[in-house]
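The values are calculated or read from the model by the stated rules, or taken from the named source; none is laboratory data. In this text, all values refer to a predicted model and were calculated from it rather than measured experimentally. So basically every Cβ, Gly included, is an ideal-geometry build from the backbone, and we count neighbours across all protein chains shown.
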Amino acid sequence: MSYLLPHLHTGFSVDQAILSEEDRVVVMRFGHDFDQQCMQMDEILAGAADQIKNFAVVYLVDLSEVPDFNTMYELYDPCTTIALCLPQHIMIDLGTGNNNKINWAMNNKQEFIDIVETVYRGARKGRGLVVSPKDYSTKYRY
């Protein structure tokens, strides 16, 4: 499903994508198109992209092609999704302890849409940290 979403091939294009969106959340999936987790996440992203187009835009970035952000965003996992709005990284409290990113492949499109909508509403109010509508801690075995 990665062919349905726009890819960013340079660090400059990533920066320009972030800076050009003033009213929408920029969701970036960092990973590889051939990775199994990324394929699953790309399917969720492609399915949700049309429904969230009014308040979010989705881009894909290959980790090996654009290594500029690996240390900045601590991109050590095979599939990582982050949200940025008004050139600011919006942290999401998912209950996992890592508020910077989603580092697993989601399996429910509506849950992803709810998270992006929560990020958008929090960012419009000037918040740098938002609380996810669902707790993804391992003690609940999601």
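Worth a mention:
- Residue check for T96: without any contact (Cβ under 8 Å) to a residue 60 or more places away in the chain, closer than 24 Å to D135 by Cα, out of contact with any strand residue (DSSP E or B) (no Cβ under 7 Å at 6 or more places or on another chain) and among the β-branched types (V, I, T): yes
- Residue in segment 60-71 that is more than 17 Å from F12 (Cα to Cα) and in contact (Cβ under 8 Å) with a residue 24 or more places away in the chain present: no
- Residue in segment 37-50 that is assigned to a loop (DSSP other than H, G, I, E, B), of a type outside the set (S, T, Y) and in contact (Cβ under 8 Å) with a residue 40 or more places away in the chain present: no
- Test for L75: is it in a loop (DSSP other than H, G, I, E, B), touching a helix residue (DSSP H, G or I) at 6+ places or on another chain (Cβ under 7 Å) and either among the basic types (K, R) or farther than 14 Å from V116 by Cα (or both): yes
- Check on Y59, loosely packed, with under 15 Cβ neighbours inside 10 Å and aromatic (F, W, Y): no
- Taken as a whole, the structure places I90 among residues that are under 13 Å from the mean Cα position of the chain (by Cα), over 21 Å from G47 (Cα atoms) and assigned to a strand (DSSP E or B).
- Breaking point among (1) at pLDDT 90 or above; (2) surrounded by 17 or more Cβ atoms within 10 Å (Cβ to Cβ); (3) hydrophobic (A, V, I, L, M, F, W, C), for C85: (1)
- Test: residue in segment 10-31 that is within 15 Å of the chain's Cα centre (by Cα), assigned to a loop (DSSP other than H, G, I, E, B), among the hydrophobic types (A, V, I, L, M, F, W, C) and closer than 23 Å to A123 by Cβ: no
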